[in-house]
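S.K.: Below you will find the structure I want to go over with you.
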Amino acid sequence: MYVVCKEHVELAIENFVDEYEDAPDVVDLKETEFSNWDPPVKCAECEKHAEFLVV
């Protein structure tokens, strides 16, 4: 699972495919709310605001 900014979505997808050998789902964090989990605020790759969840 990767929480990233728009700039790092492609990198997160590549990493996911390399690790799991399957295509990920990409979730827009602006449009989705989670009942039992608060996603990180910052991108896993930089200090920008996280916008997408790659799972």
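S.K.: Please go through the stretch 19-55 and give me each residue that is among the hydrophobic types (A, V, I, L, M, F, W, C) and assigned to a loop (DSSP other than H, G, I, E, B), ordered by number.
M.R.: ALA23, LEU29, PHE34, TRP37, VAL41, CYS43, ALA44, CYS46, ALA50, VAL55
S.K.: For the stretch 19-39, how many residues meet the condition of being surrounded by 12 or more Cβ atoms within 10 Å (Cβ to Cβ) and modelled with pLDDT of 95 or more?
M.R.: Going through the stretch 19-39 one residue at a time, the tally reaches 4.
S.K.: Is at least one residue of the stretch 8-18 modelled with pLDDT of 95 or more and part of a strand (DSSP E or B)?
M.R.: So far as the stretch 8-18 goes, no, none of its residues is modelled with pLDDT of 95 or more and part of a strand (DSSP E or B).
S.K.: So for the stretch 22-44 (the condition being of a type in the set (Asp, Glu) and in contact with a Cys (Cβ under 9 Å, 6 or more places away or on another chain)), does at least one residue qualify?
M.R.: Checking the stretch 22-44: not a single residue is of a type in the set (Asp, Glu) and in contact with a Cys (Cβ under 9 Å, 6 or more places away or on another chain).
S.K.: While we're here: Here are VAL27, VAL41: which of them is farther than 11 Å from MET1 by Cβ and either in contact with a strand residue (DSSP E or B) (Cβ under 6 Å, 6 or more places away or on another chain) or without any contact (Cβ under 8 Å) to a residue 40 or more places away in the chain (or both)?
M.R.: Criteria check complete, one pass: VAL41.
S.K.: Taking the stretch 40-52, which residues are exposed (fewer than 13 other Cβ atoms within 10 Å of the Cβ) and touching a Pro at 6+ places or on another chain (Cβ under 6 Å)?
M.R.: Result: no residue meets the conditions.
S.K.: Moving to a separate point now. Select from the stretch 1-18 the residues that are open to solvent by 70 Å² or more (accessible area, probe 1.4 Å) and not aliphatic (A, V, I, L, M) and list them in ascending order.
M.R.: Listed by number, the residues that qualify are LYS6, GLU7, GLU10, GLU14, ASP18.
The values are calculated or read from the model by the stated rules, or taken from the named source; none is laboratory data. Predicted, not measured: the structure shown is a model, and the values here were computed from it. Neighbour counts run over all protein chains shown; Cβ positions are idealised from the backbone, glycine included. SASA here: full protein model, heavy atoms, side chains in, ligands and nucleic acids out. Shrake-Rupley method; radii C 1.70, N 1.55, O 1.52, S 1.80 Å.
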